[in-house]
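One structure is given below, encoded as structure tokens.
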Amino acid sequence: MASSRAAQRYAKALLDLAEEQKNEQTVNQDIRDIHQTLLNSQELRNVLKSPVIKPDSKVASLQAIFKDVSVTVKNLFQVLVNNNRIADLNLVTTKFIELYDERNNIKVAVVTTVEPLTPEMEAKILSKVKSLTDSKVTLKNKIDKEILGGFVLRVGDQQYDASIKGKLNALKTRFKNKAHV
């Protein structure tokens, strides 16, 4: 809980600083790249959390891996290390992305399908969600074989279930309710 609150504060401070320096889009892209790298690299997450590895080595590693990021983001690495919060970098990037999207009225639409969406389907879904939400939309495609077919669309706290599994569950519920009558 304390890590989450601290991560929120670092993310907000970073976004405020980026806006002040008029480089929020650059910082946003840097943070998204770092976030994706951290998601894909358990080894890097382990290095950041390791009490055995010296803080200076952690900063040097991050600056070598992310050598092309902005000075603002490189300074974030140093601040997190100085405050013994470098292990929270993944959480800070998550909070930053949430704040950035919120401030810029960007909604994330998560579409769960059995197979990856085709570019045509992505374009259709993006267009429809944009018209329904009056927001900028980014699309994430999750693959889940258990839905059997169709799709589940989630935008914020709203969900539309057009999956075969969802329809079967609805039928099952209706049959159970009719059996009790």
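The values are calculated or read from the model by the stated rules, or taken from the named source; none is laboratory data. None of these values were measured; they are calculated from a predicted model. Cβ: placed from backbone, ideal geometry, glycine included. Neighbour counts: every protein chain shown.
Scan the range 96-104 and tell me whether some residue there is at pLDDT below 90 and part of a helix (DSSP H, G or I).
no
Kindly check whether there is at least one residue in the range 62-76 that is assigned by TED's automatic domain parsing to the domain that holds Leu15, of a type in the set (A, V, I, L, M, F, W, C), surrounded by fewer than 13 Cβ atoms within 10 Å (Cβ to Cβ) and farther than 30 Å from Val155 by Cα.
Checking the range 62-76: at least one residue is assigned by TED's automatic domain parsing to the domain that holds Leu15, of a type in the set (A, V, I, L, M, F, W, C), surrounded by fewer than 13 Cβ atoms within 10 Å (Cβ to Cβ) and farther than 30 Å from Val155 by Cα.
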* To do: Mind listing whichever residues of the range 58-73 are within 16 Å of Glu19 (Cα to Cα) and either in contact with a strand residue (DSSP E or B) (Cβ under 7 Å, 6 or more places away or on another chain) or in a helix (DSSP H, G or I) (or both)?
  => Val71, Thr72, Val73
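Filter the range 37-57 for residues that are part of a helix (DSSP H, G or I) and of a type in the set (A, V, I, L, M); which is nearest to Ser3 (Cα to Cα)?
Leu48
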* **Residue satisfying condition, being assigned to a helix (DSSP H, G or I), of a type outside the set (A, V, I, L, M) and in contact (Cβ under 8 Å) with a residue 60 or more places away in the chain, within set Arg5, Arg32, Arg9** => Arg32
* What's the number of the condition Tyr100 fails, among (1) more than 15 Å from the chain's Cα centre (by Cα); (2) of a type in the set (Phe, Trp, Tyr); (3) within 30 Å of Thr26 (Cβ to Cβ)? -> (1)
* To do: Would you check which residues across the range 26-58 are more than 23 Å from the chain's Cα centre (by Cα) and not charged (D, E, K, R) and list them?
  => Ser50, Pro51, Val52, Ile53, Pro55, Ser57
* Asked: Considering only residues of the range 104-131 that are free of Cβ contacts under 8 Å to residues at least 24 places away in the same chain and either more than 25 Å from Lys165 (Cα to Cα) or in contact with a His (Cβ under 8 Å, 6 or more places away or on another chain) (or both), which is surrounded by the fewest Cβ atoms within 10 Å (Cβ to Cβ)?
  -> Ser131
* Taking the range 125-149 as the search range and keeping residues that are over 20 Å from the mean Cα position of the chain (by Cα) and modelled with pLDDT under 90, which one is nearest to Tyr100 (Cα to Cα)? -> Asp134
